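Here, each number is a calculation from the coordinates, and none is a lab measurement. It should be emphasised that the depicted structure is a prediction, and the values quoted were computed from it without experimental measurement. Because the Cβ atoms are built from the backbone with ideal geometry, glycine has one as well, and the counts that use them run over all protein chains shown.
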Amino acid sequence: DTQMDVDGKLLAQKQDEILGRLQLLEARAQLLNIEAYIASQTVASLGTSATKLVNAPTGLQNKAEDRKNGRKSTKSKKSKGKSKGNCQQPKSKKNTNTAQIYYKAPEPCPIPAHFKGIRVKIEEDLMGIDNDIQKRLRELCSTIPIPSARFKRAPSDYYTWTLEKRRDLLGAPHVDYLCKTMIMRNTKSKATDCSDRTDSKYYMIVVQYTNKMNKERLMRIVRNLRPEEKRLTKKQISLRVASSEEGVTLSGYGHNAVTPVGMAVSVPMIVSHRILELPYIWLGGGEKDVKLAISVPDLCRVFNPIIGDIG
């Protein structure tokens, strides 16, 4: 009897391991479908120029391999900042530095003719847990529309995991696909709302976990939104992370749950130019345990962000 109990426990452990591997394979298969959709839509919209965007994951993997082997990247940081393909040209000779801090958004992808709304598999995508928040977000993504939107619920201890483990759960090709959304307040601004993106009380920042945000560059981006004669002085801008209470009021979502979709208050968005290297990214999905995948072209089309070098 004792031996049978031991054998039974070992069999149960093996079954759990097999089930876990199957779930991981299903998650990866789902993300491959997302990538295939985004790639096809991007190619249809941009033609041959979309090749760089679709092939970005390969470049990222090569970059990661270089880090692992101690090799330096062949592309210097200086060349990134001066890329003529992505940067807007300065509006005047006085603002020559704007060429290095602002970037053009990719062309929007056409809405698929067969698109009939966002669909999820409750058991597989949301771990069997659906609620009013997720139903509302799916409805918004269907009507806006955001055809590339996909939702994935994670275990409750997700934020204790390494980035590599999170990447594997979401089926992302690289940890660079994982992004966070922060709401920041200009503590020196006299603005009382967010109606003027050149001098807003709050800004929503989207940045990769793998890249540290540079506050000086961020403030430079905000200041240069205005022509030189009307530009905010350095004493008129000081960006700090908003309090949890402010975040809840502005977004309507809790801590680590902020998503740009369905915000309670429309807040100007500033996005790191580095996400232009990716076909899609993962953000918060309205709940602490839910993540949202969205294509970069859809993100730019829907939210019209300021895209710049923020770190």
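Here are the numbers:
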| read-out | value |
| --- | --- |
| Normalised contact order of segment 125-182, rounded percent, pairs of Cα under 8 Å and 6 or more residues apart | 30 |
| Fewest-first sequence of His114, His174 by Cβ atoms within 10 Å of each Cβ | His114, His174 |
| Ranked packing of 274-285, 193-204, most packed first, by mean Cβ within 10 Å | 274-285, 193-204 |
| Added length on full extension, which subtracts the Cα-Cα distance from 0.36 nm per residue, Lys180 to Thr160 | 5.7 nm |
| When each of Lys104/Lys230; Lys152/Lys212; Lys201/Lys235; Lys104/Lys234 is checked by Cα-Cα distance, pairs over 19 Å | Lys104/Lys230; Lys152/Lys212; Lys104/Lys234 |
| Euclidean distance of C-alpha centroids, segment 100-174 and segment 203-266, integer Å | 22 |
| Fewest-first sequence of Ser142, Ser272 by Cβ atoms within 10 Å of each Cβ | Ser142, Ser272 |
| Segments 143-152, 213-222 sorted - mean Cβ within 10 Å per residue, highest first | 143-152, 213-222 |
| Simple label model, 7 Å out from Cα along Cβ direction - Leu11 to Arg226, nm | 7.4 |
| At R0 = 35 Å, FRET efficiency that the Cβ-Cβ distance of Thr210 and Lys104 yields, to 0.05 | 0.95 |
